[in-house]
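See structure below.
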């Protein structure tokens, strides 16, 4: 809860998502290769393991079990929606601009925005009341951070990510930088002055 | 002189009789009345025989026929006297009519039992009626409430309510997971305190980002067995469940280093 991009997607390169600089690294389009398939598979294994541990640890606590199970399973669904958004949007962009690099850059800008916005709501979970002990208050803050991220992702998925007002700035900024030429700006200026 | 006086008396009596036929009629009336009295007396005796003397004689015979000592016979008589009966037992019949009780008070045991039975029936009926009345009252109340609920609201109010509920969901103030609604950190604290054991706490509060953090750095898929093995080793090392998430970079650097150090000590051992 201290940094935006998680390890598989993070990196040192200058790119919105440095872990996958080109589309081929992200999606081999065969359903097997690429970071998308690896991360999805790893998350599926993690979820399976977590659920089995959860059932063991929370025996006798059905309410907590139901809430945590739902959060974990919804988290997996959110990832699948996020991954699909990146691939689908890249394909749509590629058809529009026919530029390999720019077509992948656009969903990555929005995708990075998703993690940055998530960090804003999750940051509360990183606060600690003690370095030696994990208190109930710390646990509550972590849960609140996770719940806020859960809620945020629900709304993002519902709006198809790029349709959400919070992510509009990321997509508009990218489009303005990459799709709008000086000629377009001059045309707009002319129209505004005529009005 | 005496004879003369008697003759004068008879003559005076004869002088009072006006008609011979009237005398005959009076004689017949007197005779018929005597016959009626005789018949009535016979009936009375018959009744006395069947209703009183007969049962008493029967009871006496039964009481005296009991073999045994005088005390046993007295015991039999006592039982017969206190027994409640309306057929054959004279004392029982008297007792049934309320004239004789075991303790000398008014009202026989049977009469008391009958009264108790009647009272129980009345109480039961009262309870039924009270229940019915309450049910009717409730129905009346609910009918009114239904009418209030069905009162058509202003369309503007409906729209405002819809927008309000939408805003409540959108602004993140109320997060609903299953049947639970969380509005702030305090709600989470109350939930963890009440529903989760102390050794687990927030160890399983995962969201999408947390799940991605659990993926290895190079993105390679980690098998379920590896995850379970790591969890087992952590447990063996004495780490509480809530500390397991340190491997996902959720905790501070200090906690992560502490966890790694404990694992190293475990492996060295």
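We did not get these values from a lab; they are worked out from the coordinates using the rules stated. None of these values were measured; they are calculated from a predicted model. As a convention, Cβ positions derive from the backbone with ideal geometry for all residues, glycine included, and neighbour counts pool all protein chains shown.
Here are a few things to note about the model shown:
- Take the Kirkwood radius over Cα pairs of region A:130-195, plug it into Stokes-Einstein at 10 °C and 1.306 mPa s, and you get 100 µm²/s for translational diffusion.
- Pairwise inverse Cα distances across region B:15-74, averaged and inverted, put the Kirkwood hydrodynamic radius at 15.8 Å.
- Mean partner shielding of peptide A:77-84, defined as the number of other chain Cβ atoms within 10 Å of each residue Cβ, is 2.
- For chain A, a Gaussian network of Cα nodes joined below 10 Å ranks A:85, A:115, A:68 by mean-square fluctuation, and the top entry is A:68.
- Where a label projected 7 Å from the Cα of residue B:190 along Cα→Cβ would reach, residues of region A:145-166 with amide N under 18 Å: A:145, A:147-148
- For the residues A:69, A:137, A:151, a GNM of chain A with alpha-carbon springs under 10 Å puts the largest fluctuation on A:137.
- Springs between Cα atoms under 10 Å define the GNM used for chain A, and in it the highest mean-square fluctuation of A:65, A:86, A:167 occurs at A:65.
- Whole-Å distance, taken between Cα centres, linking region A:135-195 and region A:1-44: 21 Å
- Counting Cβ atoms of other protein chains within 10 Å of each Cβ in A:4-13 and taking the mean gives 4.
- Inter-chain Cβ neighbour average for residues A:58-71, partner chain, 10 Å: 5
- Cα-Cα separations in region A:1-108 greater than 23 Å, expressed as whole percent: 40 percent
- Stokes-Einstein translational diffusion, chain A - Kirkwood Rh over all Cα pairs, 0.692 mPa s, 37 °C, in µm²/s: 173 µm²/s
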